[in-house]
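Below: one structure, written as structure tokens.
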Amino acid sequence: MITVQRVAKAVGKHLTRTALQARKAAGVRRKRGCPACGATVVGFFRYGDNGEWGCPECGASPRERLMNWLIANGRLTVPVEGAILHMAPNEASLVRRFSAAAYYMPADLDPSRYTVPNMAQIDLMELAVTDRYDLFYASHVMEHVPDDRTVLRNIYRALKPGGEAWLIVPLWTKPTEDGSFDIPPRERERRFGQWDHVRQYGPDFADRIRAAGFDLEEIDASSIDVAARHYYALDDRLFRARKPGGAAPR
């Protein structure tokens with residue numbers, strides 16, 4: 001669906017990415033870095049309201065860069081001996097990291113949208129496996145599901161004791177506002193920021209995660225050393241949910 005908002009974001013992305021390419025060609029010193037691809041860059045391109053959104057070399061978003069930084073610096077551990085379910089695997093760097101696991105399942109409700117090998121079709125509303133995964137990862141997925149409380153309970157059941165769910169969602173400072181797919185797409189875009197979203201999360205997303213039974217740690221980019229945060233243009237917040245019991249995944 002083409003909307004004014006989507007066009008404006010695309011134009012801003014194109015213009016700033018082109019400007020970065022010109023600066024690189026002109027020999028401007030590269031003073032920034034991307035933990036997703038390892039490149040040094042002259043800066044990051046704009047997307048929407050975020051003036052330092054994307055890596056000009058690999059396209060990594062702030063949340064993708066945050067995840068790579070947390071893993072590279074030992075704040076998070078990928079369970080390479082375990083099983084990982086990766087929903088909506090848009091982030092190539094995380095596909096590479098997670099696919100090193102003994103069992104890796106990339107999945108989506110519509111797997112045809114992805115070029116990742118061995119994609120599975122999974123509807124999180126119908127996820128019925130028990131004690132199967134060591135890690136569940138979903139970035140900007142929960143705002144698309146019809147009933148997030150049901151999905152959180154399904155994720156909890158699907159994880160092994162001690163398993164973790166790493167969840168990232170778009171956030172604002174107000175309480176979460178829920179909607180439904182009965183709301184027209186343009187109204188959903190106005191209310192929730194994107195036409196295919198059915199809610200806008202606030203910090204109280206944490207309460208919904210705990211209500212599903214998880215222990216929770218919130219890791220916000222603002223807690224990272226200011227020099228590293230600036231150098232890599234890190235942003236966003238990770239909700240690190242752990243199913244009680246068992247050993248930490250390896």
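Per-structure values
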quantity	calculated
Qualifying positions in the range 144-155 - out of contact with any Leu (no Cβ under 6 Å at 6 or more places or on another chain), under 21 Å from Glu189 (Cα atoms) and surrounded by fewer than 23 Cβ atoms within 10 Å (Cβ to Cβ)	His144, Pro146, Asp147
Among residues of the range 42-61, those that are of a type outside the set (D, E, K, R) and surrounded by fewer than 21 Cβ atoms within 10 Å (Cβ to Cβ), counted	8
Index of the failed condition, Arg186 passing every other in (1) at pLDDT below 95; (2) not in a helix (DSSP H, G or I)	(2)
Odd one out for Arg97 among (1) basic (Lys, Arg); (2) surrounded by fewer than 19 Cβ atoms within 10 Å (Cβ to Cβ); (3) assigned by TED's automatic domain parsing to the domain that holds Leu216	(2)
Qualifying residue in the range 89-110 (condition: assigned to a strand (DSSP E or B), in contact with a Phe, Trp or Tyr (Cβ under 6 Å, 6 or more places away or on another chain) and either aromatic (Phe, Trp, Tyr) or closer than 19 Å to Arg240 by Cβ (or both))	yes
Any hit, the range 190-200, residues being free of Cβ contacts under 8 Å to residues at least 24 places away in the same chain and outside any loop (DSSP other than H, G, I, E, B)	yes
Residue list for the range 200-250, restricted to those being modelled with pLDDT under 95, farther than 18 Å from Ala138 by Cβ and surrounded by 14 or more Cβ atoms within 10 Å (Cβ to Cβ)	Gly246
Check on Ala22, of a type in the set (A, V, I, L, M, F, W, C), more than 27 Å from Trp195 (Cβ to Cβ) and not assigned by TED's automatic domain parsing to the domain that holds Asp236	yes
Per-region count, the range 111-152, residues in contact with a helix residue (DSSP H, G or I) (Cβ under 9 Å, 6 or more places away or on another chain), of a type outside the set (S, T, N, Q) and either in a loop (DSSP other than H, G, I, E, B) or not assigned by TED's automatic domain parsing to the domain that holds Glu177 (or both)	13
Unique residue being of a type outside the set (A, V, I, L, M) and either surrounded by 15 or more Cβ atoms within 10 Å (Cβ to Cβ) or touching a helix residue (DSSP H, G or I) at 6+ places or on another chain (Cβ under 7 Å) (or both) when the list is Asn73, Asn68	Asn68
Output for the range 119-141, where each listed residue is in contact with a Lys or Arg (Cβ under 8 Å, 6 or more places away or on another chain) and either of a type in the set (Asp, Glu) or within 22 Å of Arg191 (Cα to Cα) (or both)	Asp131, Asp134, Ser139, His140
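The values are calculated or read from the model by the stated rules, or taken from the named source; none is laboratory data. Quick caveat, the model's predicted, so the values are computed rather than measured. Every residue, glycine as well, gets a Cβ built from its backbone with ideal geometry; the counts of neighbours run over all protein chains shown.
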